[in-house]
1. With θ set to phi - 60°, apply the Karplus curve 6.51 cos²θ - 1.76 cosθ + 1.60 along region 422-439 and write out the HN-Hα couplings as whole Hz, x wherever there is a Gly or Pro.
2. Report the FRET efficiency, 1/(1 + (r/R0)^6), for residue 348 and residue 549, where r is their Cβ-Cβ distance and R0 is 30 Å, rounded to 0.05.
3. Residue separation times 0.36 nm, minus the C-alpha to C-alpha distance between residue 33 and residue 635: what's the value?
4. In deg cm²/dmol, rounded to 500, what helix-only [θ] at 222 nm does the chain give when every DSSP H run of at least 4 residues adds -39500 (n - 2.57) and the total is split over its residues?
5. Dipole of the chain (Lys/Arg Cβ +1, Asp/Glu Cβ -1, origin at the Cα centre): which of 18, 177, 134 lies farthest to the positive side?
6. Can you give the relative contact order of region 328-473 as a percent, counting alpha carbon pairs under 8 Å and 6+ residues apart?
7. Treating the beta-carbon of each Lys and Arg as +1 and of each Asp and Glu as -1, no other charges, what is the dipole magnitude of region 300-576 about its Cα centre, to the nearest 20 debye?
8. Give the angle, between 0 and 90 degrees and rounded to the nearest 10, that separates the Cα long axis of helix 599-615 from the longest principal axis of the Cα atoms of the chain.
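A short reminder: the numbers here are calculations on the coordinates, not readings from a lab. Predicted, not measured: the structure shown is a model, and the values here were computed from it. With ideal geometry, Cβ positions are generated from the backbone for all residues, glycine too; neighbour counts draw on all protein chains shown.
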Amino acid sequence: MNVALIYPPTCDPTAPYLSLPALAAALRDNGCEPVVIDANIGAYDWLLRRETLTAMAERIERRLSRLERQAQLTHQQQLLYARFWEGRRSVDAIDRIAGSVDLLRGKRGGRFYDYPSYIRATETVGSALRLISAAYAPVSLSFTAYRAPFSLLSMAEIERDAAPESNPFYEYFEQIIDQLAVQRVQIAGISTVFPGQIQPAYSLAFAIRRALPHIHVTAGGPALTQLMVRQSPQRQARILGPFHSAVLFEGEQAIVHLVRTVERGQPAAGIIIGDVETDLGRLPVPDFSGLPLASYLSPEPILPYDAARGCYWGKCAFCHYGLADKGTAPYRERPIEMVIKHLAQLSERYGSRIFYLSEDTLAPAGALRLARAINAEGKPWRWGTDMRPERALTPDVCNVLAAGGLLSVALGVESAAPRVLALIDKGSSIDDMSAAAAALAGAGVAVEAMCITGFPSETNSEALATVRFLAERRDIFALFVFCQFALMHGSRVSQRPADYGVSDVWQLRGDEFGTALFYTERPSLETGGERDQLDIEIGELSRHWQLGEYPWAGSLSTAHTLLYYDHYGPGAFRRLASVELGSTCRPVRVARRAARFNLTDIEANAPARDAEIWNHLIHELREVGREPYERLADALPCAQPAASWRRVEAEKNSQRQKRDRR
């Protein structure tokens, strides 16, 4: 049985993710040799090329030319007009992209660690993404999201967004289909881990079904599980769309069972329930064979590994994370002897010396066992992970962790307000968090803080307390991030909203799959002046670090950040805050007078009007969809040609009339 495992765009291109290696190892352990395709790095390897970007720029010019010929522009056309001109300002990426990609892959000597050069390279990639997004506007593409105005609202919209004219990955997906045909694949499994992969996964599945209808197409992964698990059986059947089947929860044993079922010619359609609590001691070492490790945008391989799964605390009220129907999955660890053996195999096979332990959180006792074992074996490995800020992280324990290779740890601080911590049910006090962070930093570990603002009922002073907690400990924290609270299906807040001061929770009519939850609460951060003060203080705090956008150096728990810690030490991004970046990659100047319509006015007003439409749909009508949106958009005034263009056109008409009279 020929099986393909595919990891779709769009997400981090700097390192492989764990899902394909874990599934591939399970299949190989059962006598099946899969074809492994990381279509995320494959897609970006294809997109981030001079030839592809040149074609994108030409596509923008064709689409812009059609708008320039219009007598007036509707609201939706104004949004496109602004995006096309934004894309034109990003054409600098075309000439710079090859050198920038080479630098990120470590092919330009040591310039990966020359921060100004590194920033120019990442800015070039950012310009390339803006160029690609503009070419396929209204799509917006990044390494964290894939957005279109009506994404994932219904199967009709999903199929519409999969069409060639709407899908920037379409041509690359045709290459995948050719590969599946040549290798006579009979089952294609698409692993969707992050929300930004869901629409591309569906687009790829539609393409496979059209071109190779004999292939059984299945899907799985955390993103698909969280989309499917809360649906009724009837709605699950509708959400499957182009997929024959979907595996929910952990997939190693389920994919083996699916292959055997299809191999026997038995029915294998619909929802397949995988393990909720896999025995990690029975799983083989993740197998990265077949992945193009030299193609990832990093100078050396940073491999993920799951020494544990799930969360041993599992009580945080905001959380619905991982392969679980509610909250988090049960906590399990691999036997420490197995972990050491697996890391040794991965290091020997792939040359990896830095690992990211990719789990919800690692218990201090498990981390301590790992560090002691690494130290006892005399291995040079370094590793990063996520942990809870616990009393167990004493100075003595942290010294052992550091001696055993702990390079960085992201701590779930969440808030420095006692009432909010209790409401979240974090299980850690402010003193606990402060002591744990200080002990880790004192041992030479890079300590990252993950914080939340806007938790229901949080006051402005409580939000500011978290900012000031970090400010008072600037020398301790290596990096930080503030995330805005979002209500998630499966979290305790969504299950018991009244306990958290949430008076109203709703989904939008027209959102057939219920992808988003909205709520109301008593006012706190929403008042303008208070929110402004919070933004000011976060901005002031940020000046003391070089913070990076995901997945670049300076963002939490990424391959590049680990490499910078390893190279410069735990204070890397505090020291880099004082580095003079010089002339970075700036947008190309485009003469606005060349625009037929008033570009300054359109760029200033069209996005704001669009935000008002969506706010009205979400909070007033509580409805979403193409028809209600277009009804509101069509009521907005059209843009007329700029006065300078009207004068030019009037003069042309006058000259034409004179010629006609002669």
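1. After applying 6.51 cos²θ - 1.76 cosθ + 1.60, I find 5, 5, 5, 6, 6, x, 10, 8, 4, 5, 4, 5, 5, 5, 5, 4, 5, 5 Hz.
2. Values: r = 34 Å, r/R0 = 1.14.
Efficiency for this residue pair is about 0.30.
3. Going from the current span to full extension adds 211.0 nm.
4. Details: 25 runs with 296 residues, N = 662.
For the chain, the value works out to -14000 deg cm²/dmol.
5. So the residue we want is 134.
6. Working: 197 pairs, mean separation 31.3, N = 146.
Computed over region 328-473, the figure is 21 percent.
7. So the dipole magnitude of region 300-576 works out to roughly 780 debye.
8. 60 degrees
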